[in-house]
Structures are given as C-alpha cells and as structure tokens.
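Everything on this sheet refers to the single structure shown next.
The values are calculated or read from the model by the stated rules, or taken from the named source; none is laboratory data. What you see is a predicted model; the values in this text were computed from it and never measured. When we count neighbours, we look across all protein chains shown, and the Cβ atoms used for this are built from the backbone with ideal geometry, even at glycine.
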Amino acid sequence: MSDTGERFAGTRPALRSSPRAVAVWASRWLIVIAAGWLLDLAGMPVAWLIGPMIAAVVLALRGTPPGPNPTFVFTGVQAVIGIALSASFSAAALEPLADHWHVMLLTIFLVLAISIAAGVALGRFAALDHATASLGTVPGGASGMVAMAEELDADPRIVAFMQYARVVIVVISIAILARIAGHEAESSLTLVEDDAPLTAFQQLLVAPLLALLGIWLGMRFRLPSGALIGSIIVGMVVGLLGWGPITFPPVVLAAAYLLLGTRVGSRFDPAVLRRIRDLLPWVLGFILLMTLVSAGLGWVLAEVTGIDIVTALLATSPGGMDGAMIAALDTGANVPLVLAVQISRLLLMVIAGPLLVRRLARWQAARTP
C-alpha cells in the first residue's frame, strides 16, 4: 500500500468486549446506516455513499468515528464497485456510437482533456497536489475515483468532496433544464437486468467469484488500484462474451458504498475541513467552468448529430456516471446513448487515469524545488 494509504489506514484501538462498548459501537454504525437510508428515501444519487460519509464526518469530528475499517475490507469494496461499474458493459451498449463515432469520440476526449487541464490548473492555483486535483476533477465513475484515491497517493477526503459536489450540482442542473425543456420522466424504464442470462440467485453466486478473480488479476499484474481495475476488466470480458450483466444485488452494492463512504468520512478532522473551506471557492469555480464547457460540447453534439439536447448534455456532462444515468432515467433521455458515451469515457479514464495521475504527480515532484 502507498504511504498515504498507510497513513490513512491507521489502526484503531481494539473493540472492548463489554456490553456497553458493543452498544456504543453498534450505535455509531446505526447512525451511519440511518444516514444512507434517509438520503436514499429522499432520492439522492449514490445516497448510500454520501449519507454514510456525512455521518462518519460528523462522528469523526466528535472524536467517535465508526470502526474498525481494515484494509482487506476496502479491497473487497473496490472489487464490488468494479464489478458493478462494468455490469452494463456489452458490445450492444456501444452500438449507438457507430453512426457518429467520430463526433462522440471527439467529445469524450475533449471532456477528459478539459477536466485534466482543470485539475492541473486547480493544483497550481489552489496549492493542491496533482493526484488529488486530477482525481477530484476527472469525470469518471465518482465512486471509482474515490476508491482509487489513496492508492495513488491522493487525499480521498478531498477527492470525495470534489467528485460528489460536482455530481450533485450537475444532476440538479440537468434535472432543472429537462423540466424547462419539457421532458417527461419515464416511469418504468430500466436497464438490461431482464435480459440477464442468469437468475438473481445465480448472479449472487457468480459475482463474488468474478470479484475475487478481479482482485487476483490486479495483484498478479500489479495494476494501480488493482482490485478496482482488475474487477472492471473481468466485468468487461463477461459483457463482451455475452454472459452479462452479472452484478451484485442492490443491498450488496449499497453496503460497499456505505463502507467506502464511512472509510472516507472517518478520516475527516478540523484541519481537513479548514482545507476544504479554503479550497471551496476554487472548487466551485472549476465545477461551474467545467459544467459550462461540457454544456457547450453537448450543444454542439446535439446540433451535429440531431439527438435531443438533454441526451447530449447528459452524454457530455462532467458528473459521475451514476448521476448521469439516474438523470437519464428520470428525464426521458436516450438511455442507451447516454450509457454508451458514459461507459466509454469511464473505461478510458479508470484504465488510463492511474497512469496519467502518476505521471502528473512525478511531474509536480520534479518541478518542486
């Protein structure tokens, strides 16, 4: 594990076996679970990550963070999220790119280039290390960026704040625009679960095996964020072979998000909050800039290809894929097209991102006197 991972993964005192100690420990986790449930009830995107993270922040600032949160649990969480992110991948999901592949590909690279440039600029102007700034501004799967943060020597607390601040702002703005444009929500639109070749019970048996294979693959080839990227690669292969989608039940994914959010939130302290306060104007400014530039690219995409404006905006939005897909379902946008562009960008960034972040970090270190 990286130095940052070791610093953040510090061991906690062993839980005493007295009934009172067990009750205190259980009460903290009940608060964490309740926070996720309440945000899920309110319809918040990725509620089971954001809610527990907020609750863990509050508990940590009171000096009573939930725990323990060992490294092997984090490895499993990465693998579960990797399988979930790749569950919708298939050759059919990329078919909508065929008619206008050159325009779609150009928008994907432009959004990534703008995001990376924003991360470099943010790192320079806000005195933030390039690894944290880049992972915080990159429009990939937000949970994936947070999951790989500490293994790339980035600060997962600030990455989580930047990623989910952008997701919330983008999703809310797209929802408002969709209502103004007159798009109606689809009440029964779902993804491809009904076409899955395996039953829910069979998936429950197979998905953990795929996750374990992804962990092994990441360790065997020493991939950056190995459990996450190894599981994504395994899931992609399954999708391309036509055996998917295979994923974990929603309750397992919610638990993985909860554990990840709790791990990140437990590391907040007054010094980190002061750092976020100092960064807030810069972060919000860059989020606004990226949102406007991405909206401009979406408008160009709509004009060139003839697709509707809401679909184009969601395809190029700098929010996480989770938020974009939820917004697509709720606004009646072209879900397969949004899914195809978002998955293409996600896979490109999750696979190439760690190498790029490491290069940026080395470049920053070389320029630092």
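Evaluated against (1) in contact with a Leu (Cβ under 7 Å, 6 or more places away or on another chain); (2) within 30 Å of Phe268 (Cα to Cα); (3) assigned to a helix (DSSP H, G or I), Pro65 falls short on exactly one condition, (3).
Only one residue in Ser90, Ser86, Ser134 is over 21 Å from Gly239 (Cα atoms), of a type in the set (S, T, N, Q) and surrounded by 15 or more Cβ atoms within 10 Å (Cβ to Cβ), so which one is that?
Ser134
Output the residue which, of all residues in the range 196-225 that are among the small types (Gly, Ala, Ser) and touching a residue at least 40 places away in the same chain (Cβ under 8 Å), is farthest from Ala256 (Cα to Cα). Let's see the steps before the verdict.
Looking only at the range 196-225, we keep the residues that are among the small types (Gly, Ala, Ser), and these are 196, 200, 207, 211, 214, 218, 225.
So of that shortlist, the ones also touching a residue at least 40 places away in the same chain (Cβ under 8 Å) come out as 196, 200, 207, 211, 214, 225.
Values: Ala196: 22, Ala200: 18, Ala207: 14, Ala211: 13, Gly214: 16, Ser225: 16 Å.
Applying the filter and picking the extreme gives Ala196.
Kindly evaluate Leu30 against the criterion of being farther than 26 Å from Arg345 by Cα, surrounded by fewer than 17 Cβ atoms within 10 Å (Cβ to Cβ) and touching an Asp or Glu at 6+ places or on another chain (Cβ under 9 Å). In short, no. Among the residues making up the range 50-68, those that are out of contact with any Asp or Glu (no Cβ under 9 Å at 6 or more places or on another chain) and either modelled with pLDDT under 75 or within 29 Å of Pro245 (Cα to Cα) (or both) are Ile50, Pro52, Met53.
Quick check on my filter: what residues within the range 283-295 are under 13 Å from Met162 (Cα atoms) and buried (at least 17 other Cβ atoms within 10 Å of the Cβ)?
Matches in the range 283-295: Val283, Phe286, Ile287, Met290.
When restricted to residues that are over 20 Å from Leu152 (Cα atoms) and either in contact with an Asp or Glu (Cβ under 8 Å, 6 or more places away or on another chain) or of a type in the set (A, V, I, L, M, F, W, C) (or both), the range 69-90 contains 4.
Given Phe109, Phe72, which one is farther than 30 Å from Gln203 by Cβ, among the aromatic types (Phe, Trp, Tyr) and modelled with pLDDT of 80 or more? Please lay out each step first, then the result.
On the way: Phe72 fails: farther than 30 Å from Gln203 by Cβ.
Only one candidate passes the filter, namely Phe109.
Out of curiosity, is Gly144 surrounded by 24 or more Cβ atoms within 10 Å (Cβ to Cβ), in a helix (DSSP H, G or I), touching a helix residue (DSSP H, G or I) at 6+ places or on another chain (Cβ under 6 Å) and modelled with pLDDT under 75? Yes; evaluated as a whole, the condition is true for this residue. Only a single criterion out of (1) surrounded by fewer than 16 Cβ atoms within 10 Å (Cβ to Cβ); (2) at negative phi; (3) modelled with pLDDT under 60 is not satisfied by Gly182, namely (2).
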